[in-house]
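Structure, as structure tokens:
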Amino acid sequence: MTTVGILGGGQLARMMALSGAPLGLRFMVLDTVADACAGQFAPMVVGDYTGQAALTEFASRIDVATFDFENVPAESAQWLTARVPVFPNPRALATAQDRLAEKTLFREQGIPVPPFAAIDTREQLQAAVADIGMPCILKTRRLGYDGKGQFRIKSAGDVDAAWDALGAQAAKVGLILEGFVAFQRELSVVAVRGRDGEFRAWPLTENWHVDGVLSASLAPAQVDDALRDTALAHARRLAEALDYVGVFALELFCRDGELLANEMAPRVHNSGHWTIEGSETSQFENHLRAVTGLPLGSTAMRGHACMLNWLGAMPDAATALAVEGVHWHDYGKAPRVGRKVGHATLRADSPVVLADALRQVGEALGRQAQVAPVIATLLD
Ligand code: AMP
């Protein structure tokens, strides 16, 4: 009986535990809070990610360790590797934790990126803004997610405001300035690499964000084969460069037919939730197969799928489930403004049927604005 240890007990760990049950896997979750939602399905150790006591107990009860979030301190991941196999490896984790290291690796691997520069001082920021041009975005190198820790610089007057907002972070988590990409679409590759190096990717996904947070994902993205192949090749090179094991996501901007890499998530990803119902093998199952050394499953799609994120509070399940093709995921979390509390995946055999189901759900739940860009893309 294999026990998989997961650092972090949020919805990703919860969905991993749910998908691992049929494989006969056991789980153990380490989280800082006792009410972490994965704890509803897996035993938990509550403690600090750097605390020796918690880590020692966690390590003593598991056969392999993985993560449900990337900001696990690198020392903790390193400490664990001396005791159990850890996937993805700490170097991959450390690279993906730091936007500067990540973008540098992308560039080394021939994956195009927006112009970027490391920023330590106000003077460097001024020089980099002049160099990169406006608009641009100042971001924290570490610990930023879902658009947090970012400041958009649209005109010269914003430079001081950006420094006032984020300058204090320069010494703590570092800063990076990036050119703003006037993209037409945001895409992601969700892919998996096994312990033996086998690589598989799900069909490309198109994503829509609102205020920096994922709102909807559509798969397969309606792009031509050449663009898809380029995106998948980027993901493969990245996985091989990092000797990556497990699922990861590569987020890409598409501007005038060109792909630019934004960031990599070293874990199962929100833009891959549709794989639970929309694919032969979900990202959660394939991640577990990868980290436990099992053969990977097919990443083929079943028709067309759209995932809608629920933020703040869950909509009414019965209303949504009255629409054919809707699948419901309630993470069992207390409502809170902006919090990811659940999602729905709509699956259909054709784009037209999926668009109609989205229209029905949008109307029934009063979420017309959320579904509108997906419907427009499907019917394009
Ligand atoms: P991130 O936290 O880097 O994933 O950023 C969150 C969202 O902000 C992205 O999904 C984009 O919608 C937007 N964004 C981030 N960086 C850029 C950029 N360089 N150019 C344009 N939009 C961006």
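As a length-normalised measure over Cα pairs under 8 Å and 6 or more apart, the relative contact order of region 115-179 settles at 50 percent.
Partners of Lys172 within straight-line reach, counting lysines whose Cα lies under 26 Å from its Cα and excluding those fewer than 8 residues away in the same chain: Lys103, Lys139, Lys148, Lys154. Over every Cα atom in region 3-86, the radius of gyration and the widest Cα-Cα span, Dmax, amount to 11.4, 33 Å. Share of carbon and sulfur in the accessible area of the chain stands at 51%, probe radius 1.4 Å. Averaging Cα coordinates gives a centre for region 207-278 and one for region 103-161; these two points are 21 Å apart. Each label point was placed 7 Å from the Cα along the Cα-to-Cβ direction; for Leu294 and Met1 their separation is 1.6 nm. Projecting label points 7 angstrom from Cα along Cα→Cβ for Ala21 and Ala168 puts them 4.5 nm apart. Using all pairs of distinct alpha-carbon atoms, the Kirkwood hydrodynamic radius of the chain works out to 21.4 angstrom. A full extension of the chain between Gln40 and Lys148 corresponds to an added length of 36.1 nm, given 0.36 nm per residue minus the alpha carbon distance. With the simple spin-label model, which puts each label point 7 Å out from Cα in the Cβ direction, the Glu108 to Asp63 separation comes to 3.4 nm.
Here the Gaussian network model covers the chain, with springs between Cα atoms less than 10 Å apart; of Glu178, Glu75, Glu263, Glu75 fluctuates the most. Contact order for the chain, expressed relative to its length and based on alpha carbon pairs under 8 Å spaced 6+ residues apart, stands at 13 percent. Note on Glu324 and Arg195: the extension gain reaches 42.6 nm, defined as 0.36 nm multiplied by sequence separation minus the Cα-Cα distance.
For the chain, the solvent-accessible area with a 1.4 angstrom probe is 40 square angstrom per residue.
Summing Lys and Arg as +1 and Asp and Glu as -1 over all other residues whose Cβ lies under 14 Å from the Cβ of Gln97 gives a net charge of +3.
The values are calculated or read from the model by the stated rules, or taken from the named source; none is laboratory data. All values reported here derive from a predicted model rather than from experimental measurement. Note that we place each Cβ from the backbone using ideal geometry, even for glycine, and neighbour counts take in every protein chain shown. Quick note on the areas: whole protein, heavy atoms, side chains included, nothing else; ligands and nucleic acids left out. Shrake-Rupley method; radii C 1.70, N 1.55, O 1.52, S 1.80 Å.
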